[in-house]
Amino acid sequence: MFPRLPPATQALLIANGVVFMLQVFLAPAITDLFVMWPVNDAAAAAGYGFQPWQLLTSGFMHGGFGHLFFNMLALWIFGSPLEQTWGERRYLVYYFVCLIGANLCQLLAISWFTAETGRLYSSLGASGGVFGLLLGFGMLFPNRRMIIFPFPVEITARTLVIIYAVATLLFGITGWQPGVGHFAHLGGMLFGWLLIRYWRGQPPFGKRRPPPPRMRIVK
């Protein structure tokens, strides 16, 4: 439930904590500069335009201590086993691909919402990368049994991933849980799934070659 804390995961936790403290003491200046704003002419004219660095920086910012705490707890629980399995380099590549991919999906969503409603939406938080870690954990350890809030029973990691994916898709389509980056969550899971499939040589990136047949020579 609470794995050993490896170095890259520890560094990500510290970085998110430091950025949150900067938000507390320097807000709103730092927040307005580094959260992700929509691609929208009206927003840009008001001084809240999208900048490419926001795809990364918004993933280290949070809307409050509770937001930070639960994201970091999930990063620790799901990220640590992945880092121990993959090593620091591959783990960090995976995390940042998920985070930036999630924010690309969320950028499309908030740009569309801003254009349709006339309200200015922004986005921040590490949950896109965290949902990518959740997906990776479910793919590498599908039969690992665990108890995770809000489920009071023991379930497998594969089941947990399916439940969260379906719930996130449902909330994103229906709007039942406003103010949450559901499309970032889905984007993190999508890019994580694609990257793992790419590393494994599985479709849509090709088909893994079967191992050569074994032959036994009897003397």
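Each reported figure results from applying straightforward, stated rules to the coordinates on display, with no laboratory input. Since the model is a prediction, treat every value here as computed from it, not as a measurement. Positions of Cβ are generated from backbone atoms using ideal geometry, with glycine treated the same way; all protein chains shown enter the neighbour counts.
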Inset, instruction - Take each of the peptides 72-81, 48-57, 86-95, average the number of other beta-carbon atoms within 10 Å over its residues, and list them starting from the highest. - result: 72-81, 86-95, 48-57
Legend entry - Relative contact order for the chain, counting Cα pairs under 8 Å that sit 6 or more residues apart, in percent: 22
Legend entry - Hypothetical label at Arg90: residues of region 140-171 whose amide nitrogen lies under 17 Å (7 Å Cα-Cβ projection): 140-142
Legend entry - Degrees between helix 127-140 axis and first principal axis of the chain (Cα, 0 to 90, nearest 10): 10
Legend entry - Dipole of region 7-200 [Lys/Arg +1, Asp/Glu -1 at C-beta], most positive-end residue of Ala43, Ala167, Gly17: Ala167
Inset, instruction - Report, in debye and to the nearest 20, how large the dipole of region 7-200 comes out about its Cα centre when Lys and Arg carry +1 and Asp and Glu carry -1 on their Cβ. - result: 560
Legend entry - Taking His67, His185 and counting other C-beta atoms within 10 Å, the order from fewest to most: His67, His185
